[in-house]
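Take a look at the structure below.
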Amino acid sequence: MTLPNDTSYLVEGANQVPKQEFLSTLSRVYEGHGTAIVFIEQHILSALNRLGIAARDFGRDKGVIGVFLFQNIINYVSADNVVYILNPDMSNVRSVVVHLLSYTQRFPSAKPTILYVPQKTLIAEQVMEDEFKLSQRFPTLHIASLDLDYVFLEEKVFTMELPLSFKSVFAEGDLSNLTWIARLLLKLQTGRFGAIRHIRGKGSHAAKVVQLLQRMQNDTGNDFITDIPSEVETLIIIDRSVDFITPLMTQLTYEGLIDELYNIENCEAQFPFSLGESSGVGASERVLLNSTDRMFAEIRDKNFAGVGSVLYQKSLWVKQNYDKRKEVHHLKELKEFMKGLPEMQEMHRLIGIHTNVATEISKTTQSTDFRKRILIEQNIIQQISESDTLKYIEDLVFRKEKFENVLRLLALLSLVNGGLRERELLSLKENMMLAYGIPHVITTFFLLERCGLLCVQSGKGSSYRSVFKQLQTWNASVADEQPNDTAYAYRGYAPPLVRMVDTLLRNPQAWDAEDDAVSLLPGEKKELLNDVEVAATTKAAIVFVIGGITASEVSALRFVEERLSSGATPHRLFIGATDLISGNRMIRSLLPFEPSR
């Protein structure tokens, strides 16, 4: 069991609105219409768990007889209604048609309902009608929206849980995501934070969101200003394209490395090794990784190099507290000792879990292959030893390393250098087609180029050098254990996105400066001002990233918040994104299908 703390109650409170909205909408779909079976995407079900909604809460008393994951293997359970809960991605649109046809072939009388999260889209409905004629096949088909547009994972971290938002926005040009973001930001103002005084967007998509938000506020009229006191001074909306480089770098915080190596989804991870007999975690169970785990909360944001010493110090603390039982001589002392015993036992269990995880991670981080990759990434960032980098990438291709690992380095090199020389790019592409298959490589290269992650050098040079110098994105002297710079999260590399946020929070006038962080980074900017007074004594800001944010960037932003709060201007920083991403998940979302190896 995990002992409750104040943070868990704060998160639960922040999630009450989306929780009630979801359950209310869902119950209206099948209540009073007989039995129902629900098929739902895994990541949406995980998000619902964070809201405190389990499968049993879907309404067994209202006729729901089964909740199953939406996957290729179909659970054939007879019901009067079959309900699908999905994101309206094109891959899902086609998959749900196949799934529905198969299910209704077995149970022809089942009435189908498709609930798209957070909103149904015109293009999804058009594809279903134009390609599959679903309204003719299923006259009773009901397609609707299920308004689940944000989940607070922590007290000050929320996401929209849109794992394909990066591909949708940057590769496919689907602007419906931008409308959803604007709706969410309006909802957060009218129902959670009050009207926000300064709303700023950096990057073309962020500027579009500001424009949409302004239109929505105007349409809402006076109702936009609610009785909720204005809590937030500034909202900074940022395109992922403003800083494509950072997600491609290997994360080096504790939480970031867990995500890189084992994949964190909705604050949960499954480890392919034992966490110890005393952990209380089974071999196939997922482990909750958020601030309810007090040990994880203390080490999640640290550079991995400093995690071992913290775990050791905590284990000494637990041992010293256990040893105090030898000093107990009176009943009153025994009562005091027993009062603190559950906390010590829980901390002992958590230390054991994270010691096992850290031990397994260190096997990777101490390996020759891992150290070499980090060195290559740092060489790319510093624009040195390009020939060694190309040779290393060629060697990865020759060894048929994971496709996404190769593409991450290739895209990183292209972004930093303003593209690759045509001859080198063609040579790499040919070798990759031999290693991974022609269709995989051609389609993926097309999508990488469309996103702006890969290109041929045009002769204009790269703007990265000026960004590198002005924002000081490389700091070789940063300390791992007692850092004084956000560069600690990537052991020397400071994320430009974080540098920009830090600059704007310290000096809001930097927004208009021609030679400061905002102007140096790519993309247009747009601003919206609301004439409101902020009631809070501590300044609060929201940073929202379109296309996703990494765990290590979140750690770096927390570092910014902590440093600001230790100075003369205390800040509270809320962090939002379309999804929490890693470089592998970002690249993998662009792969048309699993590459051959």
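The values are calculated or read from the model by the stated rules, or taken from the named source; none is laboratory data. These numbers were taken from a predicted model, which means no experiment stands behind them. FYI the Cβ positions are ideal-geometry reconstructions off the backbone, even for glycines, and counts take in every protein chain you see.
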Residue check for ASP227: in a loop (DSSP other than H, G, I, E, B) and over 30 Å from ASN379 (Cα atoms): yes
Pair list, Cβ < 6 Å and 6+ apart or interchain, from segment 285-310 residues that are more than 20 Å from ALA47 (Cα to Cα) to residues that are among the charged types (D, E, K, R): ARG300/GLU255; ASP301/ARG558; ASN303/ASP480; ALA305/ASP480; GLY306/ASP480; GLY306/GLU481
Every residue from segment 459-477 that is in a loop (DSSP other than H, G, I, E, B) and out of contact with any strand residue (DSSP E or B) (no Cβ under 9 Å at 6 or more places or on another chain): GLY459, LYS460, GLY461, SER462, SER463, LEU471, GLN472, ALA476, SER477
Counted residues, segment 486-515 - those being part of a loop (DSSP other than H, G, I, E, B) and either within 23 Å of the chain's Cα centre (by Cα) or touching a residue at least 24 places away in the same chain (Cβ under 8 Å) (or both): 5
Helices (runs of 4 or more DSSP H) wholly inside segment 239-303 that include at least 1 residues being over 15 Å from THR359 (Cβ atoms) and in the same structural domain as ILE351 (by TED's automatic domain parsing): 254-262, 294-299
Index of the failed condition, ALA411 passing every other in (1) surrounded by 19 or more Cβ atoms within 10 Å (Cβ to Cβ); (2) small (Gly, Ala, Ser); (3) at positive phi: (3)
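A quick yes/no check of all residues on (1) charged (D, E, K, R); (2) closer than 21 Å to PHE158 by Cα; (3) surrounded by 17 or more Cβ atoms within 10 Å (Cβ to Cβ):
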{"position": "ARG197", "(1), (2), (3)": "yes, yes, yes"}
{"position": "ALA206", "(1), (2), (3)": "no, yes, yes"}
{"position": "VAL210", "(1), (2), (3)": "no, yes, yes"}
{"position": "LEU213", "(1), (2), (3)": "no, yes, yes"}
{"position": "ASP219", "(1), (2), (3)": "yes, no, no"}
{"position": "THR226", "(1), (2), (3)": "no, no, no"}
{"position": "GLU231", "(1), (2), (3)": "yes, yes, yes"}
Residue within segment 447-457 that is among the charged types (D, E, K, R) and either modelled with pLDDT of 90 or more or in contact with a helix residue (DSSP H, G or I) (Cβ under 7 Å, 6 or more places away or on another chain) (or both) present: yes
In segment 349-395, residue surrounded by the fewest Cβ atoms within 10 Å (Cβ to Cβ) [restricted to those that are outside any helix (DSSP H, G or I) and not β-branched (Val, Ile, Thr)]: GLN366
Residues of segment 76-117 that turn out to be surrounded by fewer than 17 Cβ atoms within 10 Å (Cβ to Cβ), over 23 Å from LYS133 (Cβ atoms) and within 29 Å of the chain's Cα centre (by Cα), as a count: 0
Residue check for ASP502: of a type in the set (Asp, Glu) and crowded, with 18+ Cβ neighbours inside 10 Å: yes
Residue in segment 121-137 that is free of Cβ contacts under 8 Å to residues at least 60 places away in the same chain, in contact with a His (Cβ under 9 Å, 6 or more places away or on another chain) and not basic (Lys, Arg) present: no
Top-ranked residue in segment 45-75 [being part of a helix (DSSP H, G or I) and modelled with pLDDT under 85; ranked as surrounded by the fewest Cβ atoms within 10 Å (Cβ to Cβ)]: ASP61
